[in-house]
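See structure below.
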Amino acid sequence: DVIQAAGEAIGRLCKAGAVPAKKLEDVAEKAAQRLKAASWEQRLAGCAGLGSLGTATPEHIEALQRCLADDDEAGLVRQAARESLAKLQARAGGAAAECRRASAPAGNRYVDVTMHP
């Protein structure tokens with residue numbers, strides 16, 4: 001819950017111009033790195049973080065999709081990955097994307113996420 005709230009707050013701050021898009025990208029990259037952790041708790045936090053930020057590279061999306069097959073016993077990582085992918089799809093073109101468009105340098109790798117079934 002704390003990770004989700006923090007991610008949402010960073011996205012809102014970015015949209016308001018109080019936080020540069022680079023900061024949002026750095027936080028997204030750190031969250032994505034957690035998806036590779038041995039600990040299911042860290043992978044869970046990574047999924048929650050990316051979904052809350054509303055921004056991801058194609059590589060982040062692929063990593064979240066791999067988490068859909070995570071082998072944690074309770075299935076919490078798989079559930080968090082599903083929820084994060086759904087949030088990213090719902091937010092495509094939303095506040096985080098507006099922030100990136102407004103302040104991103106040319107060649108920015110972060111994309112508005114649109115997933116197709």
**Asked** Hey, rough spin-label estimate for Asp26 and Leu76, points 7 angstrom out along Cα→Cβ, what's it come to in nanometres?
**Response** 2.9 nm
**Complete:** Once Glu41 and Ala5 are pulled to full extension, the length gained, defined as 0.36 nm per residue separation minus their Cα-Cα distance, is 11.2 nm
**Request:** Apply the Karplus parameterisation 6.51 cos²θ - 1.76 cosθ + 1.60, with θ equal to phi minus 60°, to every residue of the stretch 76-91 and state each ³J(HN,Hα) to the nearest whole Hz, in sequence, with x for glycine and proline.
**Result:** 5, 5, 4, 5, 5, 5, 4, 5, 5, 4, 5, 5, 4, 5, 5, 8
**Prompt:** Between the DSSP loop rule and a limit of at most 13 other Cβ atoms within 10 Å, which trypsin sites (Lys or Arg not before Pro) in the stretch 1-98 are left?
**Reply:** Lys36
**Message:** Checking the a/c ratio against 1.5 first, then a/b against b/c, what shape does the Cα gyration tensor give for the stretch 1-74?
**Reply:** prolate
**Candidate lysines for bridging to Lys22, where Cα separation is under 17 Å - those fewer than 8 sequence places away on the same chain excluded** = Lys30
**Asked** Treating the beta-carbon of each Lys and Arg as +1 and of each Asp and Glu as -1, no other charges, what is the dipole magnitude of the stretch 34-75 about its Cα centre, to the nearest 20 debye?
**Response** 180 debye
**Qualifying lysines (Cα of each under 17 Å from Cα of Lys23; at least 8 residues distant if same chain)** = Lys15
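Every number here is computed from the coordinates shown, using simple stated rules; none is lab data. Everything numeric in this text was worked out from a predicted model, so none of it was measured. Don't worry about glycine lacking a Cβ; one is built from the backbone with ideal geometry, like all the others, and counts go over all protein chains shown.
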